[in-house]
Amino acid sequence: MSKKIRLFISALAPLLVLTIPAEAFGIPGLTVVEHRIIALFFMALFFWVLEPIPLYATSLLIIFVELVFVSDKAFVLFRSTADGFGTPLPWQTVIETFASPIIILFLGGFFLAMVSTKYELDISLARLVLKPFGTRPKYVLLGFMIVTAVFSMFMSNTAATAMMLAVMAPVLKSLDAGDKARAAFVLAVPFAANIGGIGTPVGTPPNGIAMKYLTGENQIDFGTWMAFGIPYMAVLLLFAWLLFLLFYKSRTKEIRISIAGKFRRNWKSMTASITFAATILLWMTDFLHGMNAYVIALVPVVVYSSTRIISVADLKEIDWDVLWLMAGGIALGFGLEKSGLVAHIVKSIAFGSLSPLLIIFLVTIVTILIASFMSHTATANLFLPIMAVLGTSVPSLASVGGAKAIILAATFASSLAMALPVSTPPNALAYATGEVKTKDMIKMGVPIGLFGLLLIYVMLFILRRVHFL
């Protein structure tokens, strides 16, 4: 399908929605504003799935459409005071999504990731951590998975994958061309990155989006997330490693790796290292000092900028497109929620007649299926606003943890989609090496995803038993 056709279909979808009478949606009391938000939702869905324009451009388009069509400063022809028009969105709040606390949180994470690469903190840590795993292939594989997962807890999954694939070059040279373990080593890196991102709120954008809706009595601080995120990550990582050993047995007896470079001892490197460690420590101990994760995220931004550890040229390397993508998702979620549309949808569907366990099961299955074919971040942007309202609107869900449980379930499920090259950028990087095929990703990604779903249910059960949910 050509880009022009994808663009035509994506642009046509919201127009078709607008031509459908409000009564046809089966949602009682649907206002004009809500009707337009439905069209906006389908526009975002088609643009994010078909990608006729870049994903971040779709997010900018979402914010623009909200401002022009459904805000209190909308174009004059799109305003009305008639009954049934609904409540316009406050324009300031829509624009403020560009500076949402979630955006600041990830900006801090990007600064940490950039500095770790610029001053080779990542290489030093890789050398240090990989050393204890010896030379046997299965343990070297485990070492790569653990190091990648740890990096992915605090930096972009894509950046962690790119870095570790580069570090892995000498390993692949030591393996025979026909050794099945070559595919295992390459594929283990993106899978470990996807799994590792689950461990912290800044590990992957869906986690940050979830934090947007985990507020008030459902709030989860940085250290608490790690308290259940890291055990979940560790069990899933161990399962993935055992699965690799089962399907990809190496015929190589010994692997010797030499990672070039050494830790720099100048003042900038020392400042970069100390600030990196201090930021992580502050995130983990927020219950002691009282600063939340968003405030702490500014520590590396301020320190690295004021000391010129990060230069103006470095700022151009930040993944601004990811931040804009998240901003658009936050704006879409705001529109879905504040227009009252999500509440109307939830009330119009008989969720109350379904078992709460069945609801969570269906949510996780649908989430992982959708995230397998489109961006994890886009999936979270579309689903989490609905999950937030669903969790507070269906009384029966209180028995399994309410909004907190269903938001966590959907968030974790979105990160489990890794069965295809298009499922996540780390997968695409691994596929581009030519060492793995789509069938390899399906063979490993499907069982890991299913086991991950099972782990979600176990995790929610345990969290419920310890009265966290």
- Message: Exactly one condition in (1) under 30 Å from A293 (Cα atoms); (2) touching a residue at least 40 places away in the same chain (Cβ under 8 Å) is false for W91; which is it?
- Response: (2)
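Go through segment 26-44 and give me each residue that's modelled with pLDDT under 85 and either touching a His at 6+ places or on another chain (Cβ under 8 Å) or surrounded by 19 or more Cβ atoms within 10 Å (Cβ to Cβ) (or both). Steps first, answer last, please.
At the first step, the residues of segment 26-44 found to be modelled with pLDDT under 85 are 26-29.
Listed by number, the residues that qualify are I27, P28, G29.
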- Is at least one residue of segment 106-127 surrounded by fewer than 21 Cβ atoms within 10 Å (Cβ to Cβ) and on the phi > 0 side of the Ramachandran plot? yes
- Item | Residue satisfying condition, being part of a helix (DSSP H, G or I) and in the same structural domain as V299 (by TED's automatic domain parsing), within set F151, F69, F64 | F151
- Query: Looking at segment 357-399, which of its residues are small (G, A, S) and more than 15 Å from G208 (Cα to Cα)?
  - Reply: A371, S372, G391, S393, S396, A398, S399
- Message: So in segment 213-235, with the set limited to residues that are among the polar types (S, T, N, Q) and either part of a helix (DSSP H, G or I) or closer than 18 Å to Y457 by Cα (or both), which one is modelled with the lowest pLDDT?
- Response: N218
- Item | Any chance S355 is free of Cβ contacts under 8 Å to residues at least 60 places away in the same chain, among the hydroxyl-bearing types (S, T, Y), over 15 Å from M387 (Cβ atoms) and outside the structural domain of T271 (by TED's automatic domain parsing) | yes
- Query: A371: crowded, with 24+ Cβ neighbours inside 10 Å and within 13 Å of the chain's Cα centre (by Cα), yes or no?
  - Reply: yes
- Out of A331, A297, A278, A327, which single residue is within 20 Å of the chain's Cα centre (by Cα), at negative phi and not assigned by TED's automatic domain parsing to the domain that holds I27? A297
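List the helices (runs of 4 or more DSSP H) inside segment 394-467, counting only whole elements, that have at least 2 residues being surrounded by fewer than 24 Cβ atoms within 10 Å (Cβ to Cβ) and free of Cβ contacts under 8 Å to residues at least 12 places away in the same chain. Before the answer, list the steps.
Numbers: elements: 402-415, 425-432, 438-465.
Those helices (runs of 4 or more DSSP H) span 425-432, 438-465.
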- Query: Mind checking which residues of segment 314-353 are of a type in the set (K, R) and part of a loop (DSSP other than H, G, I, E, B)?
  - Reply: K316
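The values are calculated or read from the model by the stated rules, or taken from the named source; none is laboratory data. What you see is a predicted model; the values in this text were computed from it and never measured. A quick note on method: Cβ atoms are made from the backbone with ideal geometry, for glycine too, and the neighbour counts reach across all protein chains shown.
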